[in-house]
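Inspection log for the structure reproduced underneath, given as structure tokens.
The values are calculated or read from the model by the stated rules, or taken from the named source; none is laboratory data. Here the structure is a predicted model, which is why all the values come from computation and not from measurement. Reconstructed Cβ throughout: ideal geometry from the backbone, glycine too, with neighbour counts over all protein chains shown.
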Amino acid sequence: MRSAICFAALVLAAVTPVFAESPLAQSITAFQLKDYRGHEVSLADYAESKVVVVAFLGTQCPLAKLYSVRLQEISDEYADKGVVVLGVNSNVQDPVTRIAGFVRQHGIKYPMLKDVGNVVADQFGAERTPEIFVLDADRKVRYRGRVDDQYVIGIVRDKADRHDLKIAIDELLAGKPVSVAHTETMGCHIG
């Protein structure tokens, strides 16, 4: 019994630094990127926004294609509540011309930014498309993960049972902590 307790303590000691370095609650340094039209867009441009949703997307990823439209619906639904959605494309294989076509094809109105050199993706620790980060008014990461649970490994539902992104936004707008701050992300690797 004593050796089991010692082993458990050793495991906890080894795992604790991993959680301490989690990107959740990390402050995001203001970044500036160009959109697909060449216009500069800065995180500081949204200083008055209560919540900023940063969505890493790719033009060729099937899930990113599906969720880019859902993100537009969320952007429209929450715009009057002080929420902004920013799309970020960090894929080296997605030139600006392809991003422009993607925006037109999917009816995207939120800013779609090109992250040359993956600087912003690296700051967030983003690995997949689509991968969502929700920032509070202090620009701290309060949620990281999927938009919802409609598409998960081995399962495609007719509709989502849990709307993780909307729940996180609603909780932040209500002044509450995000109850589920991290969900597993499905999708393509940022490349």
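Contact annotation: residue pairs with Cβ atoms under 7 Å, 6 or more positions apart or on different chains, pairing a residue in region 57-81 that is under 15 Å from G101 (Cα atoms) and touching a residue at least 60 places away in the same chain (Cβ under 8 Å) with a partner that is part of a loop (DSSP other than H, G, I, E, B) and among the small types (G, A, S), are C61/G187; A64/G58; A64/G187.
Of the residues screened, L135 is not one that is over 28 Å from I99 (Cβ atoms), at pLDDT 95 or above and in contact with a helix residue (DSSP H, G or I) (Cβ under 9 Å, 6 or more places away or on another chain). Collect the residues in region 151-191 that are in a loop (DSSP other than H, G, I, E, B) and either free of Cβ contacts under 8 Å to residues at least 12 places away in the same chain or small (G, A, S) (or both), keeping them in residue-number order. Hits for region 151-191 are G154, R157, D158, K159, A160, A174, G175, K176, S179, A181, G187, G191.
Checked against the criterion of being more than 24 Å from D94 (Cα to Cα), modelled with pLDDT of 95 or more, of a type in the set (D, E) and over 17 Å from the mean Cα position of the chain (by Cα), the candidates D80, D35 yield just one match: D80. Taken together, the criteria exclude V41 from residues that are touching a residue at least 24 places away in the same chain (Cβ under 8 Å), under 17 Å from K140 (Cβ atoms) and either in a helix (DSSP H, G or I) or of a type in the set (V, I, T) (or both).
Every residue, every condition in (1) part of a loop (DSSP other than H, G, I, E, B); (2) within 17 Å of R139 (Cα to Cα); (3) of a type in the set (G, A, S), yes or no:
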| position | (1), (2), (3) |
| --- | --- |
| S49 | yes, yes, yes |
| T59 | yes, no, no |
| Y78 | no, no, no |
| V92 | yes, no, no |
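If we scan region 113-125, do we find a residue that is part of a loop (DSSP other than H, G, I, E, B) and crowded, with 16+ Cβ neighbours inside 10 Å? Yes, region 113-125 has at least one match. The set of residues from region 146-184 being among the aliphatic types (A, V, I, L, M) and modelled with pLDDT under 95 comprises V152, I153, I155, V156, A160. Residues in region 31-73 that are in contact with a helix residue (DSSP H, G or I) (Cβ under 6 Å, 6 or more places away or on another chain) and of a type in the set (S, T, N, Q): T59, S68.
Within region 128-149, the set of residues being assigned to a loop (DSSP other than H, G, I, E, B), under 14 Å from R70 (Cα atoms) and touching a residue at least 60 places away in the same chain (Cβ under 8 Å) comprises P130, V147, D148.
Applying the set (1) at pLDDT 95 or above; (2) within 17 Å of the chain's Cα centre (by Cα); (3) over 20 Å from H189 (Cβ atoms) to L24 leaves exactly one unmet item: (1).
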